[in-house]
1. Would you mind getting me the FRET efficiency between residue 16 and residue 74? Use the beta-carbon distance for r and R0 = 35 Å, nearest 0.05.
2. Order of 27, 72 from fewest to most other C-beta atoms within 10 Å?
3. For a footprinting-style exposure proxy, rank 66, 117 by other Cβ within 10 Å, fewest first.
4. Going by how many other beta carbons lie within 10 Å of each one, how would you line up 78, 129, fewest first?
5. What is the gain in length, in nm to one decimal, between residue 34 and residue 54 on full extension, counting 0.36 nm per residue of separation less the C-alpha to C-alpha distance?
6. Tell me, Kirkwood radius of segment 42-126 from alpha-carbon pair distances, in Å?
7. How many nm separate the modelled label positions at residue 106 and residue 91, each set 7 Å beyond the Cα in the direction of the Cβ?
8. Full-extension gain between residue 127 and residue 113, please, as 0.36 nm times their residue separation minus the C-alpha to C-alpha distance.
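Derivation of every value follows stated rules applied to the coordinates shown; laboratory data play no part. The structure presented is a predicted model; accordingly, all values stated were derived computationally and were not measured. Glycine also receives a Cβ, built like all others from the backbone with ideal geometry; neighbour counts cover every protein chain displayed.
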């Protein structure tokens, strides 16, 4: 069952990769510094880049990495199965999967947090500052 945006469930359902690519093709940013802003669109673009580089669908790529490299057996791209209920609905090829379709359980989340604390090799560069910001 597809939930509607009016219910506040998933406004990204059905946004295709082609739609994201078309929007990206229309963007024109002058070469200058910009303030940081979180962007779900950025994650959609990142997933398309990963697909092009690794020549695999994002869902397959992420599930393989999560299962085989991180060893987080209860973490995956959502298939709406589990005991939580009211999962966000996603199409298998939705462009915004990278912005919010990963599901997990508390044990795997704690393992992931510990990996971050221990600065596991996969996350070493995630803890380095790219730029200092004075904005608060």
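1. Efficiency computed from Cβ-Cβ geometry: 0.75.
2. Neighbour counts put them in this order, fewest first: 27, 72.
3. 117, 66
4. Listed from fewest to most nearby Cβ atoms, that is 129, 78.
5. Details: separation 20, 0.36 × 20 = 7.20 nm, distance 2.92 nm.
That works out to 4.3 nm of additional length.
6. Details: mean 1/r = 0.0725 Å⁻¹.
After inverting the mean inverse Cα-Cα distance, the result is 13.8 Å.
7. Rounded to a tenth, the inter-label distance reads 3.6 nm.
8. Details: separation 14, 0.36 × 14 = 5.04 nm, distance 1.29 nm.
Full extension from residue 127 to residue 113 adds 3.7 nm.
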